[in-house]
Amino acid sequence: DDGDPMDDHDHGTHVAGTIGAVGNNGIGIVGVNWDVEIMAIKFLDAQGSGSTSDAIDAIDYAVNNGAAISNASWGGNEPYSGPLYDALERADAAGHIFVAGAGNGDIFGNGQNNDANPFYPANYDLDNIISVAATDHNDNRAGFSNYGATSVDLAGPGVNILSTVRGGGYQPLSGTSMATPHVAGVASLVWQQNPTWTHDQVIAQILGTVDPVPSMQGITTTGGRLNAAAALGNPVPPPPPPPPVPSPFHEDFDDNSAENFQVRAGTWSVAGGDYDVTPTVDDTSVGAISTISLVTPLPVDVELHASVSANPEPLFFFNYLSNAFLVFDYHSDLDFKFAGLDVSGGQWVIGERNAGGWQQLASLPDSSITG
C-alpha cells in the first residue's frame, strides 16, 4: 500500500529477467523479449506470502493502468474465490492476458493433478488465462510441476533457469514460476508483431504452435511445450548446410580413362574417421576446386599432391595406394571418388568409395604422369 514495488525476495526480479532482460549488451542473460515495458506490482511480502484481496487490487491496478499481460508466478490450493474470479473476468473483458503458473506440487514437491486438486488462479475457467506447467531441458515434465488434461494449457522451460536476482547478480531457479514468464514473454512478442490482434488471437496463436512432446500428452490441453519461433510464424531454422562439394562432373570409364574430374582441396575424414586426407593443387591459378584432365601428359605446371595420415594403422587400401590419395567429387565419407598412386604397380588408379566398398574404375601408367 505504499506504491513501492521494490523486490525483497528475488522471485519477482528473477521472473522479470526471464521476460525482458535486454540482449546484445554483453551483460548477464537475455530475456524472451528484449524490448518490453514491465510494470512491477508488489502484493507479496519478503516471505512470498500475501492476501487474495491484495492480489485483486494488483490485477485491477495492472488493467486500469494499461498493462496488456500479467505474469502470475504465484498461486495456491486455496478455496475458490469469487472476488478473485471477478477480477480476472474484468481483465478478460478488458482484453488482458493473464499467464499463470500451474503450481509446484504438494509439500513433498510431487506434481499434482490440477483437474482433481485445483490450483488458483491458474485453474479459473476463463478464456484469458494461460496455465503453464514446467519442463526440463529434455522436454520431460519437471517432477514438481502440476499438470491437468483440462486445466493446464502448455509447458514452458522451468528447470535451472538462469536469470536476474537483486544486487546485479544471476542465479538458476526452478519452478512453474520460471516457466510462466517464458510464456508471458512470448505473448508480448506475438502481440508486438501483430498489434491489431485481440488477446484471444494472441492466446490461440501461442497454444496452436506448441511443440508436441510426449511428457505433456494427455496431461495438458495442448500436449505441448512453448515454441517462440513458431508462435511468431517463423519456421524452425534448417540445419546448417553440408560442406560445399564440387560442381557436377561427368566421366566415362568405359575406355579405361578418366577426363575432367573435379579436384577438391580440403580435409576430410574417411573410413569412419581413421584417415585425414588433404589434397592440394600447387598451381594457385587452378584454385581449390578445378577441372583437370587426367591425360598424357598432365600440364607440367600443375601438380597434384595429397598427404594421408592414418590412425591407428593404415588399412590395406592405403598400403596399396601408399604415396598419394586425391579425393574428388566428395559427398560423404562413403560417397566420393579418388585418384591414388599405386607404387608397386607403377600406375595411377581411379576409383570410388561407396556403400559397396572401394572400387577401382580405371588406371594410367605412372610413366604417363608429369609432376
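Counting only residues that are among the polar types (S, T, N, Q) and in contact (Cβ under 8 Å) with a residue 12 or more places away in the chain, which one in region 33-63 is most open to solvent (accessible area, probe 1.4 Å)? Talk me through it step by step, then tell me what you get.
Taking region 33-63 first, the residues among the polar types (S, T, N, Q) are 33, 47, 49, 51-53.
Still in the list and also in contact (Cβ under 8 Å) with a residue 12 or more places away in the chain: 33, 47, 52-53.
Working: 33: 4, 47: 144, 52: 64, 53: 70 Å².
Per the stated criteria, the residue is 47.
How many residues does region 77-110 hold that are open to solvent by less than 40 Å² (accessible area, probe 1.4 Å), at negative phi and either touching a Ser or Thr at 6+ places or on another chain (Cβ under 6 Å) or not hydrophobic (A, V, I, L, M, F, W, C) (or both)?
Applying the first criterion (open to solvent by less than 40 Å² (accessible area, probe 1.4 Å)) to region 77-110 yields 81-82, 84, 87-88, 91-92, 95-103, 105, 109.
Adding the requirement that they be at negative phi leaves 81-82, 84, 87-88, 91-92, 96-102.
If we keep only those that are either touching a Ser or Thr at 6+ places or on another chain (Cβ under 6 Å) or not hydrophobic (A, V, I, L, M, F, W, C) (or both) too, we end up with 81-82, 84, 92, 96, 98-102.
Here the count works out to 10.
Run down 214, 181 and say which single residue is under 19 Å from the mean Cα position of the chain (by Cα), within 17 Å of residue 137 (Cα to Cα) and surrounded by 24 or more Cβ atoms within 10 Å (Cβ to Cβ). It would help to see each step written out before you state the result.
Details: 214 fails: surrounded by 24 or more Cβ atoms within 10 Å (Cβ to Cβ).
Just one listed residue meets the conditions, 181.
Given the conditions (1) surrounded by fewer than 18 Cβ atoms within 10 Å (Cβ to Cβ); (2) small (Gly, Ala, Ser); (3) within 21 Å of residue 181 (Cα to Cα), report the number of the one that residue 20 does not fulfil.
Answer for residue 20: the failing condition is (1).
Of the residues 48, 3, 23, which single one is within 23 Å of residue 80 (Cβ to Cβ) and in a loop (DSSP other than H, G, I, E, B)? Lay out the reasoning, then the answer.
Values: 3 fails: within 23 Å of residue 80 (Cβ to Cβ); 23 fails: within 23 Å of residue 80 (Cβ to Cβ).
Of 48, 3, 23, the one residue that is within 23 Å of residue 80 (Cβ to Cβ) and in a loop (DSSP other than H, G, I, E, B) is 48.
To keep it simple, each residue is scored yes or no on (1) within 22 Å of residue 207 (Cβ to Cβ); (2) of a type in the set (Asp, Glu); (3) at pLDDT 95 or above.
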{"site": "58", "(1), (2), (3)": "no, no, yes"}
{"site": "61", "(1), (2), (3)": "no, no, yes"}
{"site": "72", "(1), (2), (3)": "yes, no, yes"}
{"site": "93", "(1), (2), (3)": "yes, no, yes"}
{"site": "106", "(1), (2), (3)": "no, yes, no"}
{"site": "133", "(1), (2), (3)": "yes, no, yes"}
{"site": "144", "(1), (2), (3)": "no, no, yes"}
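The values are calculated or read from the model by the stated rules, or taken from the named source; none is laboratory data. Note that the coordinates shown come from a computational prediction; the quantities given were computed from them, not determined experimentally. Every residue, glycine as well, gets a Cβ built from its backbone with ideal geometry; the counts of neighbours run over all protein chains shown. We work out accessible area using only protein heavy atoms, side chains counted, and drop any ligands, DNA or RNA first. Shrake-Rupley method; radii C 1.70, N 1.55, O 1.52, S 1.80 Å.
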